[in-house]
Amino acid sequence: MTNAASAKLRIQELRESINYHNHRYYVLDSPEISDAEYDGLMRELRQLEAEHPELVTPDSPTQRIGAPPVEAFGIVEHPRPLLSLANAFSFDELEAWHRRACNTLGRDRFDLVCEPKVDGLAVALTYSDGLLVTGATRGDGYRGEDVTRNLRTIRSVPLSVPPEAPSRFEVRGEVFLPRAGFRKLNEERASEGLPLFANPRNAAAGSVRQFDSAVTARRPLDVFVYGLGWVEGRRTPDTHWDTLQYLKSLGFKISPDIALCRSLGEAEEYYRRWLSGREASPYEADGIVVKVNSVALQEELGNVAHEPRWAIAYKFPAVQGTTRLIDIGINVGRTGSLNPYAILEPVQVGGVVISQAALHNEEDIHRKDIRIGDWVVVQRAGEVIPEIVGPVAGRRTGSEQVFSMPNRCPVCRSEVIKPQGEAMHRCTNTACPAQALEKIKHFVSRGAMDIDGIGERMCRALFEASLISDGADLYYLTREHLLSLERMADKSVSNILDSIRESKTRPFSRVLFALGILHIGEQYADLLADNYSSIDDLASATEEDLLALPSVGPRISESIITFFRQDGNKQIIEKLRRAGVRLEDERAGDARSGSLPLAGTEFVLTGRLESLPRSEAEARIRALGGRAGSDVTSRTTYVVVGAEPGSKLAKAERMGKRILNEDEFLDLLKGMSPVGTSDQSHPKKS
């Protein structure tokens, strides 16, 4: 077969595959491959068509902008096409785009505007005489779906604009689901037994393209406007940057993360900042968009096919990939929970080779209908923990196997049960070696006793050498014990012993958390420390006492009572007591209502503190009688702002809360000292 003939055959295969995946992605909102794999197919097709221009046809996917609209919604003709963007996957490709623009314009420098490429659904909003009259999807770029009723439900879409706005104009933007909203939506769908959305883009598209606008209204959609489509009746700014500021003045929401760059180097710096911090963003972006700032230069550059020459999408490395699920393994956690994980054919996702991924529990596996042998979509959640989004059902052969949990613990072979009302299966043997090691790792972790120098590897070494069997044994280690381990230097041993001694002064709430009581996380540990002055008071609490606490139900109370009944746990507590670990609240004997200097105040921390960990700052607040809140509310007294604060700062400013920087916060704590108290006003159990 000649090169031309083989190219023609491959082009046909690529077109059929891309058209199929276009339909799955744009019309059905149910993709079967990752964005990176789709981009790879398109790049191969573009390359082949560039090498064989005689094979380019009008119906090629490279000649289209999007997918055809669904006529059931009603069709909107776009007066000016909504063009798609060319992609750059490296700085070399971005530089090549910039060089082509420079050559066309006959100049070496021009300003650029950089914007996050939000992962959502492109829409066009048309206003006439001050009112929103039409809202449409991109569709195929020339004809979109009429989703006006649904877009009206999005609170960040203005239903009207000020009198100074043009008489008729169109703005273009991206509808998206913030990360928190996406997680909440999938949790709700999971509880209702509905299929989960693969990613925020599909969730946004599925939310906007609803025939019942009440469904759209219940979903926390947002929108960023990124430009003007067309304008009648008024002159508009001469630059893209000023246009965005103008749209903002009319009441439209623009991304807070746009940047005006004077050179391509500044644009690359912007990209690097976004790439390193993208997971901290409240919304997902799969790259940045780089645009020529001058509108006159944009018009001079014009368009090529269905892409503007004056803008390009500079994509981030892929965070999703597709691979085969070889098997499902089981880890045993510190509470005896059996935690399934995926064993995968290695796949590169975001520059990292992934061979294992999280699967949560059996119910989650069955809800997603994941089977051993499936092709699955894998993503790096938070750029760290890989997880399986779901199966690619269309690639099944019939040989796939439905997974079921074992009835025996894979470590100690004890019976496995699934407690009523719980999602997890559990090993019934509290002496299971796997549980013991996981409990020790939890005991030394940062949110618990925070013992420097004893990480996962050291925990395993100490446990396997039979030097410790639980966390309390750490306080009885000697220099000789530690030096007996491989590759232990004298200085490292001294540091570890110092850290163990220092941990004895951790707040009572941290000790409660470190004990690893089933269902007792940091917040419940704080609640218990607020209401019980010592470990002995808590151990003697009745079910009635515990159920009287806010948010404590039968499951939590039963877990606490069961913990303190077990002889092994009693022995651990006694070892901690003999070692001098703090087993009572540092505020014991102080009245909560008025006697402590921060009584009645609530602090909310946002951003990174430089001089102390957040957990330590919150512990110091509680030690002085204050409360550490998780969100800014009407009860909030102070908001403490560290480096790189989140959205809580803006909320605090809107609500007029008192804001402290780190130095002011530390000065406030330094000036406080507990005073005497009356036992009569102490609300703790006695």
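The criterion of at least 2 residues that are over 23 Å from R627 (Cα atoms) is met, among helices (runs of 4 or more DSSP H) falling completely within segment 482-566, by 490-503, 535-539, 543-547, 554-565. Among the residues of segment 428-438, not one is within 14 Å of A472 (Cβ to Cβ) and crowded, with 22+ Cβ neighbours inside 10 Å. Taken across segment 398-410, residues that are modelled with pLDDT under 90 and either part of a loop (DSSP other than H, G, I, E, B) or out of contact with any Phe, Trp or Tyr (no Cβ under 9 Å at 6 or more places or on another chain) (or both) do not occur at all.
The set of residues in segment 410-439 that are under 28 Å from the mean Cα position of the chain (by Cα) and within 30 Å of R506 (Cα to Cα) comprises E438, K439.
The single condition among (1) at pLDDT 90 or above; (2) among the hydroxyl-bearing types (S, T, Y); (3) farther than 16 Å from I572 by Cβ that Y476 does not satisfy is (3). The set of residues in segment 459-472 that are buried (at least 17 other Cβ atoms within 10 Å of the Cβ) and over 36 Å from the mean Cα position of the chain (by Cα) comprises L467, I468.
Of all residues in segment 303-327, those satisfying the criterion of being among the aliphatic types (A, V, I, L, M) and either touching a residue at least 12 places away in the same chain (Cβ under 8 Å) or not in a strand (DSSP E or B) (or both) are A305, A311, I312, A313, A318, V319, L325, I326. Taken over segment 328-380, the criterion of being modelled with pLDDT under 85, surrounded by fewer than 17 Cβ atoms within 10 Å (Cβ to Cβ) and part of a strand (DSSP E or B) is satisfied by Q348, V352, V353, A358. In this structure, A465 does not qualify as farther than 16 Å from V581 by Cβ, in contact with a strand residue (DSSP E or B) (Cβ under 6 Å, 6 or more places away or on another chain) and not hydroxyl-bearing (S, T, Y). Here A423 fits the description: among the hydrophobic types (A, V, I, L, M, F, W, C), assigned to a loop (DSSP other than H, G, I, E, B) and within 22 Å of F182 (Cα to Cα). When restricted to residues that are out of contact with any helix residue (DSSP H, G or I) (no Cβ under 7 Å at 6 or more places or on another chain) and not small (G, A, S), segment 95-124 contains 11. Checking each residue in segment 645-662 for being touching a Ser or Thr at 6+ places or on another chain (Cβ under 9 Å) and not basic (K, R) picks out P645, G646, S647, L649, A652, M655, E662.
Residues of segment 440-457 that are farther than 19 Å from A529 by Cα, surrounded by fewer than 16 Cβ atoms within 10 Å (Cβ to Cβ) and either under 27 Å from the mean Cα position of the chain (by Cα) or of a type in the set (F, W, Y) (or both): G455, E456. Of all residues in segment 75-114, exactly one satisfies the criterion of being among the small types (G, A, S) and assigned to a strand (DSSP E or B), namely A88.
Only residues that are in contact with a helix residue (DSSP H, G or I) (Cβ under 8 Å, 6 or more places away or on another chain), surrounded by 12 or more Cβ atoms within 10 Å (Cβ to Cβ) and under 23 Å from G600 (Cβ atoms) were counted in segment 627-669, giving 12. Of all the criteria given as (1) polar (S, T, N, Q); (2) exposed (fewer than 14 other Cβ atoms within 10 Å of the Cβ); (3) under 20 Å from the mean Cα position of the chain (by Cα), the one not satisfied by N202 is (2). Quick one: count up the residues across segment 100-147 that are more than 30 Å from A267 (Cβ to Cβ), buried (at least 20 other Cβ atoms within 10 Å of the Cβ) and of a type in the set (V, I, T). Qualifying residue count for the region: 2. Among residues of segment 265-278 that are crowded, with 16+ Cβ neighbours inside 10 Å, those with a Cβ under 6 angstrom from a residue that is assigned to a helix (DSSP H, G or I), sequence gap 6+ or separate chain, pair up as E268/F91.
The values are calculated or read from the model by the stated rules, or taken from the named source; none is laboratory data. Remember, predicted model here, so these are calculated numbers, not experimental data. FYI the Cβ positions are ideal-geometry reconstructions off the backbone, even for glycines, and counts take in every protein chain you see.
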